[in-house]
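First up is the structure itself, then whatever we jot down about it.
The values are calculated or read from the model by the stated rules, or taken from the named source; none is laboratory data. In this text, all values refer to a predicted model and were calculated from it rather than measured experimentally. Backbone-built Cβ (ideal geometry, glycine too); neighbour counts: all protein chains shown.
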Amino acid sequence: MSTTLYPAVLRLDDNTLYKGWSFFDPAISCGEIVFNTGMTGYQEIMTDPSYSGQIVVFTYPELGNTGLNNYDSESTFIHIKGIVAKNICCFPSNWRSSLSLKQYIIKKKIPHIFGLDTRSLTRRLRLQGVMKGYIASQTLNHNPLNSLFDISNIDLVRRVTNSHVYSLNFFNNIYLNNLYSHLNYKIGQNKQFKNNINNIVLINFGVKNNIISRLLYYKCNIYILPATANYLQIFSYKPDGIILSNGPGDPVNVNYSVNTIKKLIHYTNIPIFGICMGHQLLSLALGFSTFKLKFGHRGLNHPCGLNQYSEITSQNHGFAVNSEFYQNTNLSDNSIINITHFNLNDSTVGGIQHSKKPIFSVQYHPEASPGPHDSDYLFKSFIELISVMKNFK
């Protein structure tokens with residue numbers, strides 16, 4: 001393995017400059033600079049479609065200690081625009097590891113910089129808010145950030161969604177033999193729901209593999225539809241339940257899906273479960289508004305709950321639902337929308353529930369379970385809700 005290091009720089013939109021190193025001569029990579037406070041999960045982060053268009057600063061000082069494996073990627077592509085780290089471990093130690101982070105970065109040509117003071121950088125982002133930046137081999141005379149569009153104005157969902165409908169069924173899909181859930185159960189091992197097969201339509205705004213994994217654990221037939229799917233297309237699959245997945249960017253830019261969700265709420269009683277971006281889109285459809293957070297929620301230990309109850313959750317989003325705003329529409333009625341969770345760090349909305357429809361959503365990732373499994377019950381609750389609604393038919 002080569003030990004050659006190349007000079008690299010990270011320049012922010014406010015002209016702050018950080019110097020470091022790269023494992024190869026870095027090409028210019030621009031993106032929104034955000035930070036993640038998780039001690040683990042770098043493989044999932046690099047392959048998570050929700051990070052599309054972003055350069056990720058890892059606040060934990062030693063990155064790559066456990067290497068990478070064949071099971072934990074959240075998609076088949078690298079979605080981040082770059083990695084910023086203090087140190088990158090070249091000699092990982094873990095029984096599941098198949099290659100080191102250094103090998104992975106070189107193999108996939110991921111733009112990166114390490115050896116800089118990530119504490120100083122994170123502090124700046126917390127004080128000033130997220131901003132644009134670029135990684136390059138040297139400071140550039142021209143600033144490529146001047147031509148970089150504000151990520152808030154781009155519909156990133158269209159970049160990461162699928163173009164054609166596809167389905168997954170654990171009975172006949174060979175690739176699922178190697179797919180494990182985060183609880184280390186093989187797919188289809190759950191015997192509780194073995195005689196209760198449900199058809200789930202998953203609207204893909206940038207879905208993570210682990211969400212699909214949890215649905216397969218409960219023996220669901222899954223139809224994965226693009227974000228642009230309309231009401232009639234969704235209804236044609238006769239879904240027992242609908243998942244609104246996670247995804248990148250500003251939910252306001254996905255207004256075509258908001259209109260579709262409004263129709264699903266108004267004309268059907270199909271259970272709907274929104275996760276992260278899905279939560280925001282569902283909230284918009286119910287009359288809430290959203291806003292951009294100063295530096296977002298990205299980490300593995302965000303407390304979320306209500307009153308004396310709290311879950312430790314995995315979160316990854318730069319926008320949040322505004323709890324103080326309701327549009328004056330037929331769907332917007334304070335008496336029928338309950339806020340079930342708050343982010344206990346800043347009191348932003350963490351979850352909602354409709355009191356008259358089988359609809360709920362959360363701002364965090366119940367499929368991630370970063371150590372504790374506090375939120376995994378939500379998938380079971382969704383399946384049980386589907387069973388209840390079937391009995392009413």
Determine whether Glu74 is closer than 30 Å to Pro251 by Cα, surrounded by 23 or more Cβ atoms within 10 Å (Cβ to Cβ), of a type in the set (Asp, Glu) and touching a helix residue (DSSP H, G or I) at 6+ places or on another chain (Cβ under 7 Å).
yes
Condition broken by Ser355, with the remaining ones in (1) of a type outside the set (Lys, Arg); (2) at pLDDT below 95; (3) closer than 30 Å to Glu32 by Cβ satisfied
(3)
Those residues of segment 120-143 which are hydrophobic (A, V, I, L, M, F, W, C) and in a strand (DSSP E or B), in sequence order
Met131, Ile135, Ala136
Filtering segment 335-353 down to residues that are assigned to a strand (DSSP E or B) and over 12 Å from Gly274 (Cα atoms) yields Ile337, Asn338, Ile339, Thr340, His341, Phe342, Asn343, Val349
Of all residues in segment 359-377, which are in contact with a helix residue (DSSP H, G or I) (Cβ under 9 Å, 6 or more places away or on another chain) and surrounded by fewer than 20 Cβ atoms within 10 Å (Cβ to Cβ)?
Asp376
